[in-house]
Amino acid sequence: MQWREEYQKWLANEALEAGLKEALHGEKDEKVLEDSFYRNMEFGTAGMRGVLGAGTNRMNIYTIRKASEGLARYVAENGEEAKKRGVVIAYDCRHMSTEFAYESARVLGYHGIKSYVFETLRPTPELSYAVRFLNTFSGIVITASHNPAEYNGYKVYGEDGGQMPPHGADAVTRYIDEIDDIFAVKVADKEKLIADGMLDVISEKVDTPYLEAVKTVVVNNELVEKHGKDLKIVFTPLHGTGGMLGLKALESVGFTNVIQVAEQFEPDPNFTTVKSPNPENREAFEVAIGYGEKYDADLLIGTDPDADRLGVVVRTKSGKYDVLSGNQIGALILHYLLKQKKAQNELPKNAAVLKSIVTSDLGTVIAKHFDVKMIEVLTGFKFIAEQIHNFETTGSYTYEFGYEESNGFMVKPFTRDKDAIQALLAICEVALDSKQAGKTLAEDLEKIYEQFGYFKEDLVSLTMSGKDGSEQISDIMKSFRASMPEAMGGEKIAKVEDYQLSERHYLDDDKKETIDMSKSNVIKCFLEDGSWFCLRPSGTEPKIKFYFSIKGETEATATEKLKRVREGLLKIVEK
C-alpha cells in the first residue's frame with residue numbers, strides 16, 4: 001500500500017467523520033501519518049487492537065465497520081439460522097467503545113443479522129458466557145484489555161463462547177480482505193433496528209445467571225460461608241468493568257469484608273490514576289497498596305479494564321505487600337483446587353489441566369503429583385477453549401482448570417475465556433484457607449516451592465512500534481532461526497521447539513519430531529534440566545516477548561541461573 005495515496009483518499013472524503021477529519025488535518029508528523037496508513041489494520045485470530053485515530057492502521061468507525069462487514073459475510077455464509085441466532089456485543093470503558101459496539105450492530109443489521117448489545121459496559125468473560133446463554137452464532141467485545149488509554153480493540157467469539165478459532169477467523173479475514181473501499185460499507189439505522197426487533201439492548205438478562213454460575217467456583221462452601229467475612233480484601237477494578245459484578249460475586253458467597261479502592265472503582269477511559277491498567281505490574285497496585293497498609297488487609301486483588309485478567313498482592317511475614325506473578329497465582333489456585341477435590345473424593349480419574357506453552361512448568365509438576373494430566377496449548381485462551389470442546393466431544397478428559405502466565409485463569413468452563421470474576425472467588429478462597437491455618441498466601445507459596453522445586457520466571461517485553469518496529473521484530477526471529485545458539489548463559493541447549501516450523505529438534509542426536517499444534521511464530525529452547533526460554537512476537541501489541549522459566553534446587557540457584565540466561569539472550573537480541 002502506498003500510504004500517501006491512501007492518506008489523500010481520506011483527506012478528500014467529504015463524508016469523513018468530523019473528529020477524524022480534524023485530526024488528519026492537524027497531524028504534521030510524517031512518521032505518524034505513515035504508521036496510520038502504511039497498512040490495513042490486521043485482523044488475526046485474536047481480532048484486532050490498535051491506537052485510536054484516523055487511518056487504515058488505526059481503530060476508528062471505518063475499520064470497525066470493515067471488520068464487522070467481514071464478520072457479517074461469514075455469518076451469512078452459515079445460513080439463515082446463523083443470522084437469526086445473531087451476534088451478542090459487549091464493550092468496556094474505553095474511548096469510543098460504545099460507538100464501536102453500535103457501529104458493529106448497524107453493519108450486522110444491514111445484512112439482516114440479529115444483534116444483542118449490552119446497555120452498559122460489561123466484562124469480557126460475561127460476553128463469553130452470553131454467547132452460550134443466548135445461543136448466538138458469534139460474539140464481539142470492544143476492548144483493548146490492559147493496553148494504555150489511547151488503544152481500543154475488537155475481539156470476535158465463536159458459538160462455543162471461545163475466541164473465534166483459526167478456521168473461523170481466517171474466513172472473516174478473507175472477507176475483510178475482499179473489501180476494497182473502506183468507506184463503502186453499508187450500515188442500517190440504529191433506531192429502526194431496535195424498532196424492528198433486530199437489535200436488542202440487554203441489561204440484567206445475562207448478569208443474574210452468570211453470577212449464579214460464578215458462585216459454583218467455590219469448592220469448600222462451608223469454609224467460605226462460615227469464615228468468608230474474616231478475610232479482609234482490598235479490591236480495585238483499575239477504572240474498568242470488574243467493579244460491579246466482581247463485588248456482587250464476592251458478597252454473594254460470603255466475602256463481605258471488601259474495601260473498595262474509591263479512586264479506581266468508577267469507569268474511566270483515561271485510567272487517570274495509573275500509567276498502565278495492567279494488574280500484572282506493581283505500579284497498577286500503588287493506590288491499592290496504600291489501602292492495604294491503612295486497613296491492614298490480608299489480600300489485594302485487581303482486575304484489568306475488561307476483567308479477564310486478575311492481579312494479586314499478598315502480605316508477607318514482614319508486613320510488606322508483594323505482587324504475585326500469573327504463574328504464582330495459577331500455581332496457588334491449581335494446588336488448592338486439586339488438593340480440595342482429592343480430599344472430597346471429587347477428582348475424576350481423567351482429570352486434566354490446561355496451560356499455555358509459555359506458562360511455568362510448576363503447574364505440570366503439581367498436576368503430576370495429583371495424577372492429573374497437564375496439556376499444553378499455544379498462547380491464547382481460544383486454544384484452551386478448543387481443548388475443552390474436544391474433551392466434551394470425545395469424553396477423553398474432564399476439565400479442572402486452565403491458565404496462562406499473563407494472569408488469565410478459568411476455573412469452570414461455563415465461560416470459554418479467561419475470567420477474572422471467577423478468579424476473584426478462587427484466590428480469595430485459597431487466601432481464606434491459608435488464614436484459617438494461621439498462614440499467609442506468601443507462606444503457602446513458599447511451601448509449594450519447597451515441595452515441588454523452585455521455579456523462577458521472567459518476562460521481558462520490547463516495544464517496537466510502527467512499520468520499522470514490525471520489520472525489526474521479524475528480523476529478530478529470522479536471525480535467531482538462521483543462527484540457533486548451542487548454549488545460553490553458560491547452559492547447554494538440549495532441545496528446540498519451533499512452532500512456526502511445527503518441529504521439535506533434539507540437538508545431541510539431531511533427532512526431529514513433528515509438533516501437533518497449529519503453527520505460530522514462537523521458538524522455545526530447553527536447557528538440559530528442563531528449564532527453558534522462549535521468543536514470541538505479540539499477536540495484539542507492537543512487542544516481542546522473551547519468556548524465561550528456570551528451575552533450581554534453591555531460590556538462590558534458580559535466580560542466579562535466570563540472570564545468566566536472560567542476559568545471554570538479550571545480548572544476542574540487542575546486537
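The values are calculated or read from the model by the stated rules, or taken from the named source; none is laboratory data. Note that this is a predicted model, so its numbers are computed, not measured. So basically every Cβ, Gly included, is an ideal-geometry build from the backbone, and we count neighbours across all protein chains shown. Surface accessibility is based on the protein's heavy atoms, side chains included, excluding ligands, DNA and RNA. Shrake-Rupley method; radii C 1.70, N 1.55, O 1.52, S 1.80 Å.
Brief remarks on what is shown
- Test: residue in region 525-542 that is touching a Gly at 6+ places or on another chain (Cβ under 6 Å), touching a residue at least 60 places away in the same chain (Cβ under 8 Å) and open to solvent by 30 Å² or more (accessible area, probe 1.4 Å): yes
- Residue in region 389-404 that is buried (at least 23 other Cβ atoms within 10 Å of the Cβ) and not in a strand (DSSP E or B) present: no
- Note on region 475-492: residues that are surrounded by fewer than 17 Cβ atoms within 10 Å (Cβ to Cβ) and touching a strand residue (DSSP E or B) at 6+ places or on another chain (Cβ under 8 Å) amount to 6.
- Condition met for S276 (of a type in the set (G, A, S), under 24 Å from I333 (Cα atoms) and surrounded by fewer than 19 Cβ atoms within 10 Å (Cβ to Cβ)): no
- In the set (1) within 28 Å of P165 (Cα to Cα); (2) open to solvent by 30 Å² or more (accessible area, probe 1.4 Å); (3) modelled with pLDDT of 95 or more, the condition left unmet by F548 is number (2).
- Leading residue by the ranking (surrounded by the fewest Cβ atoms within 10 Å (Cβ to Cβ)) among those in region 12-46 that are part of a helix (DSSP H, G or I) and in contact with a Lys or Arg (Cβ under 8 Å, 6 or more places away or on another chain): E34
- Of all residues in region 38-62, those that are among the small types (G, A, S) have Cβ atoms under 7 Å from Cβ atoms of residues that are at pLDDT 90 or above and in a strand (DSSP E or B), 6 or more apart or on another chain, in A46/K155; A46/Q163; G47/G153; G47/Y154; G47/K155; G47/V156; G50/M59; G50/Y151.
- Residue in region 463-476 that is over 26 Å from the mean Cα position of the chain (by Cα), of a type in the set (S, T, N, Q) and in a helix (DSSP H, G or I) present: no
- Which listed residue is open to solvent by 50 Å² or more (accessible area, probe 1.4 Å), more than 19 Å from E567 (Cβ to Cβ) and part of a strand (DSSP E or B), from K495, K512: K512
Results for (1) of a type outside the set (S, T, Y); (2) more than 18 Å from the chain's Cα centre (by Cα), shown as yes or no for each residue.
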site	(1), (2)
K368	yes, yes
I388	yes, no
F401	yes, no
E429	yes, yes
D433	yes, yes
T440	no, yes
E443	yes, yes
F452	yes, yes
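Residue by residue, here is whether (1) within 23 Å of the chain's Cα centre (by Cα); (2) among the hydrophobic types (A, V, I, L, M, F, W, C); (3) open to solvent by 10 Å² or more (accessible area, probe 1.4 Å) holds:
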residue	(1), (2), (3)
V287	no, yes, yes
R309	yes, no, yes
V313	yes, yes, no
D322	yes, no, yes
Q328	yes, no, yes
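- Qualifying strands (runs of 3 or more DSSP E) (wholly inside region 242-347; at least 1 residues being among the basic types (K, R) and either touching a helix residue (DSSP H, G or I) at 6+ places or on another chain (Cβ under 7 Å) or in contact (Cβ under 8 Å) with a residue 12 or more places away in the chain (or both)): 310-315
- A single member of G112, G86, G79 is in contact with a helix residue (DSSP H, G or I) (Cβ under 7 Å, 6 or more places away or on another chain), at positive phi and at pLDDT 95 or above, and it is G112.
- Region 162-178 - residue that is in contact with a strand residue (DSSP E or B) (Cβ under 9 Å, 6 or more places away or on another chain) and either of a type in the set (A, V, I, L, M) or open to solvent by less than 10 Å² (accessible area, probe 1.4 Å) (or both) and, of those, nearest to E386 (Cα to Cα): G162
- Within region 292-307, the residues that satisfy the criterion of being over 22 Å from the mean Cα position of the chain (by Cα) and either under 22 Å from Q451 (Cα atoms) or not hydroxyl-bearing (S, T, Y) (or both) are G292, E293, K294, D296, A297, D298, L299.
- Any hit, region 76-99, residues being touching a strand residue (DSSP E or B) at 6+ places or on another chain (Cβ under 7 Å), closer than 18 Å to D189 by Cα and assigned to a helix (DSSP H, G or I): yes
- Filtering region 412-427 to residues that are open to solvent by 10 Å² or more (accessible area, probe 1.4 Å) and under 15 Å from the mean Cα position of the chain (by Cα) leaves only K418.
- Of the residues making up region 482-503, those that are more than 25 Å from G44 (Cβ to Cβ), of a type in the set (D, E, K, R) and within 30 Å of the chain's Cα centre (by Cα) number 1.
- Region 108-161: number of residues that are of a type in the set (A, V, I, L, M), open to solvent by less than 10 Å² (accessible area, probe 1.4 Å) and not in a strand (DSSP E or B): 6
- For the residues F235, F255, the requirement of being buried (at least 22 other Cβ atoms within 10 Å of the Cβ) and more than 18 Å from A307 (Cα to Cα) singles out F255.
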